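Working notes, structure below.
The values are calculated or read from the model by the stated rules, or taken from the named source; none is laboratory data. This structure is a prediction, so every number in the text was calculated from the model and none was measured. A quick note on method: Cβ atoms are made from the backbone with ideal geometry, for glycine too, and the neighbour counts reach across all protein chains shown. What goes into the accessible areas is simple: the full protein's heavy atoms, side chains included, and nothing from ligands, DNA or RNA. Shrake-Rupley method; radii C 1.70, N 1.55, O 1.52, S 1.80 Å.
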Amino acid sequence: MSIHKKSDIVIIVAHEIYGVNRHMRDFCELLTERGFDVICPNLLEREAPFDYEEEAAAYRHFIENVGFVRATRTMKRLLIDMEKKYKKVFLIGFSVGATVAWLCSEEKSVDGIIGYYGSRIRDYLSISPQCPVLLFFPQEESSFSVDELIKHLRTGSIQVHQLNGQHGFSDPYSPRYDTKSAQTAFNEVIKFIG
């Protein structure tokens, strides 16, 4: 998915395990309403996104058929291509996409990384971002301590916000949606891209 507004700033959106679904399309539209060019590549390489009820199958598909290494390689190639065409390049990721964004944060071709609930970032704490980073986490996650992860991340050019709600708080089509947290995060995103 690509939307061009003839901007000198492009935002690449890395989707979560479900693929380029309605939430991702709507989020991209919100960014283009602010005047940015937006690209949301289909990392799953399947036509239809997964439904939310297919969470386990979507996760399995991502891990078995895409994986963090391949998705990161795809994003890095895209970042290099976009660096030649735009004055600034930002990468925004959701969940697994946030971890992919984090894995791209050492690249010189990216001007900033934004991650929403990138729980697997905890597996890659040796990464040393070479650009400003903005991360959003929910109050708690079932599989790890958000507070402990934030302690490790809050250094240098890394801004971390912990917002009310659960994993997926920014997705209006999810039962975990939190209107206030979603709006707070989006306001911070716009300020960060500035």
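List of remarks:
- Computed E for GLU55/GLU106 - FRET, C-beta separation, R0 35 angstrom, nearest 0.05: 0.70
- Nonlocal amide H pairs with GLN130, under 5 Å, H built at 1.01 Å: GLU106, GLU107
- Sites SER145 and LEU125, calculated FRET efficiency, Cβ-Cβ separation with R0 22 Å, nearest 0.05: 0.95
- Between GLN162 and PHE137, the built amide H atoms are under 5 Å apart, and every one of these is 5 or more places off in sequence or on another chain.
- Residue-averaged 222 nm ellipticity for the chain, from DSSP H runs of 4+ at -39500 (n - 2.57), nearest 500: -11000 deg cm²/dmol
- Each peptide among 61-67, 5-11, 132-138 gets the average number of other Cβ atoms lying within 10 Å of its residues, and from highest to lowest they stand as 132-138, 5-11, 61-67.
- Net charge of the neighbourhood of ARG22, taken over other residues with C-beta under 14 Å away and scored Lys/Arg +1, Asp/Glu -1, is -4.
- Calculated diffusion of region 37-114, Stokes-Einstein form, Kirkwood radius summed over Cα pairs, 10 °C and 1.306 mPa s, µm²/s: 120 µm²/s
- Estimated Rh, region 1-146: Kirkwood, alpha-carbon pairs, angstrom: 15.3 Å
- Applying the Karplus relation 6.51 cos²θ - 1.76 cosθ + 1.60 with θ = phi - 60° to region 140-147 yields 3J(HN,Hα) values of 8, 10, 6, 9, 6, 8, 4, 4 Hz, where x marks Gly and Pro.
- Taking a point 7 Å out from the Cα of ASP8 in the direction of its Cβ, the residues of region 73-94 whose backbone N falls within less than 16 Å of it are 83-90.
- Isotropically averaged projected area of region 82-124, using the convex hull of Cα atoms (one quarter of hull area), nm²: 2.8 nm²
- Inter-label distance for TYR177 and MET1, nm, one decimal - labels placed 7 Å from Cα along Cα-to-Cβ: 1.4 nm
- Within the accessible area of region 73-114 (1.4 Å probe), percent carbon and sulfur: 46 percent
- Take every DSSP beta bridge whose two residues both sit in the chain; close to 10 percent of them are antiparallel.
- Cα gyration tensor shape for region 129-194, rounded if a/c is under 1.5, else prolate or oblate: oblate
- Averaged per residue, the chain has 48 square angstrom of accessible surface, using a 1.4 angstrom probe with ligands and nucleic acids left out.
- Under-5 Å amide H pairs with ILE12, H placed in peptide plane, nonlocal only: ILE39, PHE90, LEU91, ILE92
- Filter on LYS88/LYS108; LYS84/LYS108; LYS85/LYS191; LYS6/LYS87; LYS87/LYS108 - keep pairs with C-alpha separation over 19 Å: LYS85/LYS191
- A Förster radius of 25 Å combined with the Cβ-Cβ distance from ILE80 to ALA48 puts the calculated FRET efficiency at roughly 0.30.
- Base-10 log of normalised Debye intensity for region 4-71 (one unit scatterer per alpha-carbon) at q = 0.19, 0.27 Å⁻¹: -0.74, -1.12
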